Structures are given as C-alpha cells and as structure tokens.
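A short worksheet on the structure shown next.
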Amino acid sequence: MTIQQLISARVQAALAAAGAPDASANVQPASKPEFGDYQANGVMAAAKQLKTNPRELAQKVLAALDLDGIASKLEIAGPGFINIHLDPAFLARRAEAALADDKLAIELPAPQRVMVEYSSPNLAKEMHVGHLRSSIIGDALARVLGFLGHDVVRANHVGDWGTQFGMLTALLVEESQQGTAQLELNDLEAFYRKAKVHFDEDEEFANRARDYVVKLQGGDPEVLALWRQFVDVSLEHCEAVYRKLNVGLTREHVRGESAYNDDLQVVLKDLEASGMLAEDQGAKVVFLEEFKNQEGEPMGVIIQKKDGGFLYTTTDISAVRYRHRELKLERVLYVVDARQSLHFQQMFSICRKAGFVPDSMSLEHIAFGTMMGEDGKPFKTRSGGTVKLIDLLQEAEERAYQLVAEKNPELPEEDKRRIANVVGIGAVKYADLSKNRIGDYVFNWDTMLSFEGNTAPYLQYAYTRVQSVFRKAEDYDATAPVVINEAAEKQLAVALAQFEDTVKDVADSGYPHYLCQYLYQLATLFSRFYEACPILKSEGEVQASRLQLAALTAKTLKSGLDLLGIEVLDAM
Ligand code: ARG
C-alpha cells in the first residue's frame, strides 16, 4: 500500500469505530510542518453529518486510531483536524526498502492491458510543434504505466489516408519521371506545398490527383506502392524526431488510419443493425441525445457522407473495435489536443451505445491545451509559419550548448555536445510536462533553460550535485541503516516515501505534472537537508545514514526523470 493509502485506511477504520462508518477520512500530506506529516481532515464533515461536536468526535477517532509503528505522535488541532507525525523508524525502514529494490519498493497494482495512443501526426506534412505535446505527454504516461507493471501497448495512429495522399502521390510520379523525387522528399513541407500549388493551379494535375485517390482506395497496386513509398519517407522523418526527443515510438507502433479502411463498410453495417443510424440529407448519421447543437437539437455525427466517403470518426470507431477485439485492451488513453474533445466524447458514446465495447473497457481522452508563443498566440515562426519540430529541437540543443560553453568553456567538445543534448531536450520536455496539461502554455526558452525554478536543468543539476557527494565521500556502505534524527532528515524521508503515491496518481489521472511538482519539491527538500545536515563533515553511523538518504534521493530523482523521458548526467 502507498503511505497515503495506509494512513487513510487506518483513519477510516477509526472513524467507523467512532460511529462514522460512511465518513471519508480525507487524509492529505500536511501543508505545514507544524501540522505533522499528514493530516486527516474528514472529522468535521463526519461530525456535521452525525450532528455531534467535531472535537469530541475527533477524541473518539483518536482513541480508536491504530497507527502503531507508523506514527509516533497524534494530536487534535483546530476544529477537529488530526495531525499525524510519522515515526522516524518507520520512515527509515521504508527508505531502506526503497534503496534495496529496483522499483523503489513500490507495490505493483493488478496489471492491466493499457494502450497509450500518442503522437499520431498526419503524414502528409512534416511534424510541427503541434505534435510536441502529444508525443511528450503520451510517452511519459506510457513509461509510468510500464513502470507500474502494466502491459502497455504504444500506438501511433498516424494520418496516412485521405484525399491529400492522392495529390502527394501524383507529384511523386511526376518527380520520379524527372528523377528528383528522392531529393524533394528531404523537405516534406516544401513537397506538400508544391503539390498543393499544382493541385490548385493545374486542372490536369488536380484530376490526376483525384484519380489517384480513387485508385488508392480501390487498392490499385501501383498507386499503393507509390503511396507506401511516400508514407515510408514521412515516417523516417518522424522517427528522427522521436530519436532526438527520446520518445519510445518506432515503426512497430504505427497503425495508421489506412489500416481500418476495409472495415469501414462493416462499421456502417453494424451501426445500421444496431438501429442507431439515420439518413440526413443523403448522409448516414448517428444522432446523440446527450449532445445538443446551438438550436438545442440532438447533434448528428456523420458516419458516411452523401458521396459515400467515410470520416475521421468512422475510422476511430473501427479502431476502438480493433483494440477491444484483437488487442483485448482494458484501458485506452488517447493523448490528443483538447480541441478534439467533442469528437472523442461523441465517438466513445457511439461505441458504447452500439455495444462495440464492454463497460469494463475504459476509454479516456487525455486532452491538452495549445503551445503558445510570447505573444499569447499559437507558437509560430517570426514570419507566421508553422515551426518544424526537428528545427525546434535543434534550436533547444544549440541554446543549451551556448549555456554550457559559457559555464564550462574548458570542457571537451564531445562532453559539451552531450550535455547540450540532455539539457536542451530535457528542458523542452519538462517545460511541457510540468504544466497542467489541460491549459495552454507559453513557450519560453529562457525560463525552460534556467537553472533555477521548476525546470529540467534545475533537477538535472540537483542530481549531479548529489552524485558529486559520492565522488567526495571516502567510503559508502550501500547497506548501512538509515537513522533519522534531524527535522530536515525527516522531511526528506517523508518526501522520499511519497514517490509511490505520486507515480500512481499520474497513472490514474494521466497528469504528469504531479510528478514534476513532486520532483521539484524533493530537490528543494534535499537542498535544505544538505545545508542543515552536513554529510561529508559528519562521521560514523550518522554519515552512513545521510549518505543513504542522499543515495535514495539520487535514485528517486533519476527514476522520476526517467519516467518523464528525461535523462540525467553524473556531472555537468
Ligand atoms: N492525426 C490526427 C491529427 O493530427 C490525430 C489523431 C488522434 N487520434 C485519434 N485516434 N483520432 O489531428
């Protein structure tokens, strides 16, 4: 059990014994050291329900509260709060267990088969900053779920189908005839623009493009081969970004929209059979009572257009069925821009009503806001164009390189490059992950690369500082007992014990910023401990124990950052 669950369960039992079995214990980490380490806040609400005096009820709860071996002191505060001071010996044993185990002695939950669908760019163009958040957040969630022992399936639901691909294939044919195709594809963005200009200005080209779409959808082998060639090149561009970003997506995780093409007719038939399908101006539509349009009427979701074409939603419905039937998933996280929220709510609703998935299968839209520029508008180049992701990442490394070169000019070039990569990419990722994903956030190079505040460089540097202690310490006994005497030692130990709660909260809620807040707090508490409790100048058991706390801090920082997909260095 996590430390919070453990305390909650005991308070819950005490509440029941005191005559309030339905009350919630509401145990939280204390907001100030004076309030102990944890505080149970549920007594007041329970007293209100029972119409009794809260302090009296708190007395009864306290009398029944069994925290032997966990807490060393319990007290009633204010109108009926219960302050819980953890037992230093209990914290010491937990720290020792965490030190001795790869997974920091976390109790693994019952494993689930979970999919994290993320990144999912449209392959017609190159990845741009709009794909950054999904790639980073999704990867962090996949890592966290995997760490907790879940059977994680990563999925990259790329956009590789539709009319744009007719246009691109048509241009590819033209370029191939001139022998310039390979060269042109180096810059997919320019290739797309060129195709679009041709399409808009050259009637003959436009007709050929439309013809290719029909052939593509009909499975014409020649056109399919060309399309595949294009998709391959585009995926190579994506993979270069993933490698640079340290995001664990490869070819094996790709299953694009095209994979569902043959199933769309079947989806249509099954929806028809379920009686949910209506005709509306020639289109096949599902009306959903729970979603009203501006006129207050049920909203219609188009499954098949009048011309027979299928839509984004139809493909997504097919994918849900595949994920249930073939992949046997119990939970699917869709890490996609918040602007697609309505789409997902409607799509999930259709799948449930049609009985395509069991109630037990959880479908969750992990929504996120937009990355903004300093001007408060969506992030763009100076001239207002979209920023290619690969260029943004290169700039991050370049800026980090400048910082390193200023700080440490005498470092060998190779080391400078390596630090620049770890710090630059880490900074971009952490800046994103540390914000509540629901909101928009302003992208700012200076804040994210700062060595102060809640940033990657701060945490990476904190890690190297801890490591440097070990370089200076004469001997370190990795099995020495932890002994907690000082307040700063205890506060650090409490924070170390909260890693498990934090990681589980991230897994349940899909909010990586909880982990960032935690790591920042941990690094801050370590600094305080480091100032208040000398390590190298202490001796014997005290020194051995402080080194153990330092070792666990380093291990926790490293594991936490690794779960966010951020690397650390032993020195920088
Ligand atoms: N390719 C889409 C886009 O770029 C995102 C796909 C999201 N996933 C999904 N299952 N619809 O907007």
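Data overview
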| item | result |
| --- | --- |
| Residue within region 448-467 that is touching a residue at least 40 places away in the same chain (Cβ under 8 Å), assigned to a loop (DSSP other than H, G, I, E, B), closer than 29 Å to G138 by Cβ and not small (G, A, S) present | yes |
| Cβ pairs under 7 Å, 6+ apart, first in region 329-346 and under 16 Å from P512 (Cβ atoms), second part of a helix (DSSP H, G or I) and away from the ligand (no atom under 12 Å from the Cβ) | L333/L141; V335/I137; V335/L141 |
| Criterion (in contact with a Lys or Arg (Cβ under 6 Å, 6 or more places away or on another chain) and at negative phi) met by exactly one of A493, A497, A462 | A497 |
| Number of the condition not met by Y212 [criteria: (1) of a type outside the set (V, I, T); (2) in contact with a Gly (Cβ under 6 Å, 6 or more places away or on another chain); (3) assigned to a strand (DSSP E or B)] | (3) |
| Selected residue [over 28 Å from G300 (Cβ atoms) and either surrounded by 16 or more Cβ atoms within 10 Å (Cβ to Cβ) or in contact with a Ser or Thr (Cβ under 6 Å, 6 or more places away or on another chain) (or both)] from M347, M372, M361 | M372 |
| Selection within region 330-385 - part of a strand (DSSP E or B), of a type in the set (A, V, I, L, M) and within 12 Å of the ligand (Cβ to nearest atom) | V332, L333, V335, V336, L363, I366, A367 |
| Any hit, region 313-328, residues being assigned to a helix (DSSP H, G or I) and away from the ligand (no atom under 16 Å from the Cβ) | yes |
| Residues of region 1-25 classified as part of a helix (DSSP H, G or I) and touching a helix residue (DSSP H, G or I) at 6+ places or on another chain (Cβ under 9 Å), total | 9 |
| Evaluation of G166 against (1) within 15 Å of the ligand (Cβ to nearest atom); (2) buried (at least 23 other Cβ atoms within 10 Å of the Cβ); (3) not hydrophobic (A, V, I, L, M, F, W, C) (one fails), failing number | (1) |
| Near pairs, Cβ below 7 angstrom, 6+ apart or cross-chain, from region 235-255 (over 23 Å from R418 (Cβ atoms)) to any residue that is at pLDDT below 95 and assigned to a helix (DSSP H, G or I) | H237/L188 |
| Residue in region 326-347 that is more than 20 Å from the chain's Cα centre (by Cα), under 23 Å from M276 (Cα atoms) and of a type in the set (K, R) present | no |
| Boolean, E414 is out of contact with any helix residue (DSSP H, G or I) (no Cβ under 9 Å at 6 or more places or on another chain), farther than 15 Å from E567 by Cα and not polar (S, T, N, Q) | yes |
| Listing of strands (runs of 3 or more DSSP E) fully contained in region 52-159 that carry 2 or more residues being crowded, with 16+ Cβ neighbours inside 10 Å and within 16 Å of the ligand (Cβ to nearest atom) | 113-117, 151-155 |
| Residues of region 234-269 satisfying the condition of being outside any helix (DSSP H, G or I) and either more than 14 Å from the ligand (Cβ to nearest atom) or over 19 Å from the mean Cα position of the chain (by Cα) (or both) | N246, V247, G248, T250, R255, G256 |
| Subset of region 400-441 (residues that are among the β-branched types (V, I, T) and surrounded by fewer than 16 Cβ atoms within 10 Å (Cβ to Cβ)) | I438 |
| Test for E272: is it more than 16 Å from the ligand (Cβ to nearest atom) and part of a helix (DSSP H, G or I) | yes |
| Selection from region 176-192 of residues that are over 31 Å from the mean Cα position of the chain (by Cα) and among the charged types (D, E, K, R) | E184 |
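The values are calculated or read from the model by the stated rules, or taken from the named source; none is laboratory data. Remember, predicted model here, so these are calculated numbers, not experimental data. Every residue, glycine as well, gets a Cβ built from its backbone with ideal geometry; the counts of neighbours run over all protein chains shown.
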